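Written out below as structure tokens is the structure these notes cover.
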Amino acid sequence: MPALPPSALHQPLLHLGPDFFTELSPRPLTNPELVACDPDAAALIGLAPDDCAAGAWLDLLSGRRLPRGCRPLALDYAGHQFGRFNPFLGDGRVLVLGSIVTERGRLELSLKGAGRTPYAREADGRAGLTECLHELDLSRRLAGLGIPTARCLCVIAGDEQVDRGGFERAAILVRLAPSHLRFGTFENCFFKRDTLGLRRLADYLIAHHCAGRVPAGDDRHAALFRAMVLDTADLIAHWQAAGFTHGMMNTDNQSAVGVTLDLGAAAFVPADGTAAERDAFVASPLDDKGRYAFGAQPTIGLWNCNVLARALSPIIPAEALREALRAYEPHYLRQFEARRAARQQAVVHSPREPNPGS
């Protein structure tokens, strides 16, 4: 299969309107080179690792040169961080370059570490090489376990140094995801009292990500919310069965399409701990109270869905919101038991398979 050209990118997020993003170009890395690539992720968009190492694709992925018509966007969103609402978030160092239509559906291509955006506040807009490689490794492990996740295509590093508790090379993490929209995108509209924006956002998700799943009609937004609740329960059931701790389950990190986003703080629980030690495992050093501990993730998922319900309350009747929220726990329990049984069966038939929590 011939490699796709960068010009295959298009940007449907533009249909949301300028209230949802800021357009700007990436800040290029100097003397960029490919450090690591996930060949399975590359194959999703018709590429081989060598395609990312030179030529037009390296120019694009390092921010050095954009193909004609490419319109990178930094997305605006709010969110609850450790239970407190923050209206001033957004992509401080991430740009969504555009979408590629694949045999498995639409995938958005984004650059993490592409420079400061208007949402960066005091941050430098860069990513360190260590954190990029960590996220690529985790995304490969999650994908290998069949857990819905953003895929990390590759890591590109340059000559610039960044201070991350010690100096290291600046890098760009290239990610693929069905969508980079999140619960916090809806919260941003609610905070701004933008009811039309809520409807536009919900209709965009239905049209681009839920076609055939959410029926058209006056009840479509309620059906979308129910789908988002069930997708969240299903995702966290995957995590719990595999021993995966996200580490930073703020609503701005909760995917609107049920995939694992933002793996920078994530880790698998140690395999040799007791059940109580596993439940108490915390992946992020910022989580000093254990809000996002491994055992708390199912409850936090429901809490996040309640926050989303409040954000959608101007366009969805209260009883429809409550009905969808009541479906979370039984759906989670069914999916968790199914995932756990499947994993136990896999271990029986593959006794030498390494434990993902190790």
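The values are calculated or read from the model by the stated rules, or taken from the named source; none is laboratory data. Predicted model only: the values in this text are computed from it and were never measured. Cβ atoms come from the backbone with ideal geometry, glycine included; neighbour counts cover every protein chain shown.
Applying the condition of being in a loop (DSSP other than H, G, I, E, B) and surrounded by 15 or more Cβ atoms within 10 Å (Cβ to Cβ) to the range 1-16 and asking which residue is modelled with the lowest pLDDT yields Ala3.
Thr260 fulfils the conditions (1) more than 27 Å from Val174 (Cβ to Cβ); (2) within 12 Å of the chain's Cα centre (by Cα); (3) not aliphatic (A, V, I, L, M) except for a single criterion, (1).
Of the residues Arg68, Arg84, the single one that is without any contact (Cβ under 8 Å) to a residue 60 or more places away in the chain and out of contact with any Gly (no Cβ under 9 Å at 6 or more places or on another chain) is Arg84. Does Ala242 meet the test of being in contact (Cβ under 8 Å) with a residue 40 or more places away in the chain, over 13 Å from the mean Cα position of the chain (by Cα) and surrounded by fewer than 24 Cβ atoms within 10 Å (Cβ to Cβ)? So Ala242 passes the test. Among the criteria (1) within 27 Å of Tyr204 (Cβ to Cβ); (2) surrounded by fewer than 19 Cβ atoms within 10 Å (Cβ to Cβ), the one Phe82 does not fulfil is (1).
Among residues of the range 205-215 being in contact with a helix residue (DSSP H, G or I) (Cβ under 8 Å, 6 or more places away or on another chain) and not charged (D, E, K, R), the one that is farthest from Thr185 (Cα to Cα) is Pro215. Restricting attention to the range 229-242, does a residue exist that is more than 29 Å from Arg322 (Cβ to Cβ) and in a loop (DSSP other than H, G, I, E, B)? No, because not a single residue in the range 229-242 is more than 29 Å from Arg322 (Cβ to Cβ) and in a loop (DSSP other than H, G, I, E, B). Checked against (1) under 28 Å from His209 (Cβ atoms); (2) over 20 Å from the mean Cα position of the chain (by Cα); (3) without any contact (Cβ under 8 Å) to a residue 24 or more places away in the chain, Asp50 passes all but a single condition, namely (1). Of all residues in the range 63-82, those satisfying the criterion of being among the small types (Gly, Ala, Ser) and modelled with pLDDT of 95 or more are Ala74, Ala78, Gly79. Annotation: of all residues in the range 285-324 being under 27 Å from Leu205 (Cα atoms) and among the small types (Gly, Ala, Ser), the one that is surrounded by the fewest Cβ atoms within 10 Å (Cβ to Cβ) is Ala318.
Look at the range 20-46: where a residue is without any contact (Cβ under 8 Å) to a residue 24 or more places away in the chain and closer than 21 Å to Leu136 by Cα, no partner that is polar (S, T, N, Q) and surrounded by fewer than 17 Cβ atoms within 10 Å (Cβ to Cβ) sits 6+ places away or on another chain with Cβ atoms under 9 Å.
Conditions (1) crowded, with 19+ Cβ neighbours inside 10 Å; (2) in contact with a Leu (Cβ under 8 Å, 6 or more places away or on another chain), marked per residue:
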{"residue": "Gly247", "(1), (2)": "yes, no"}
{"residue": "Leu263", "(1), (2)": "yes, yes"}
{"residue": "Gly273", "(1), (2)": "no, no"}
{"residue": "Val282", "(1), (2)": "yes, no"}
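The single condition from (1) more than 24 Å from Cys152 (Cβ to Cβ); (2) among the aliphatic types (A, V, I, L, M); (3) crowded, with 17+ Cβ neighbours inside 10 Å that Val257 fails is (1).
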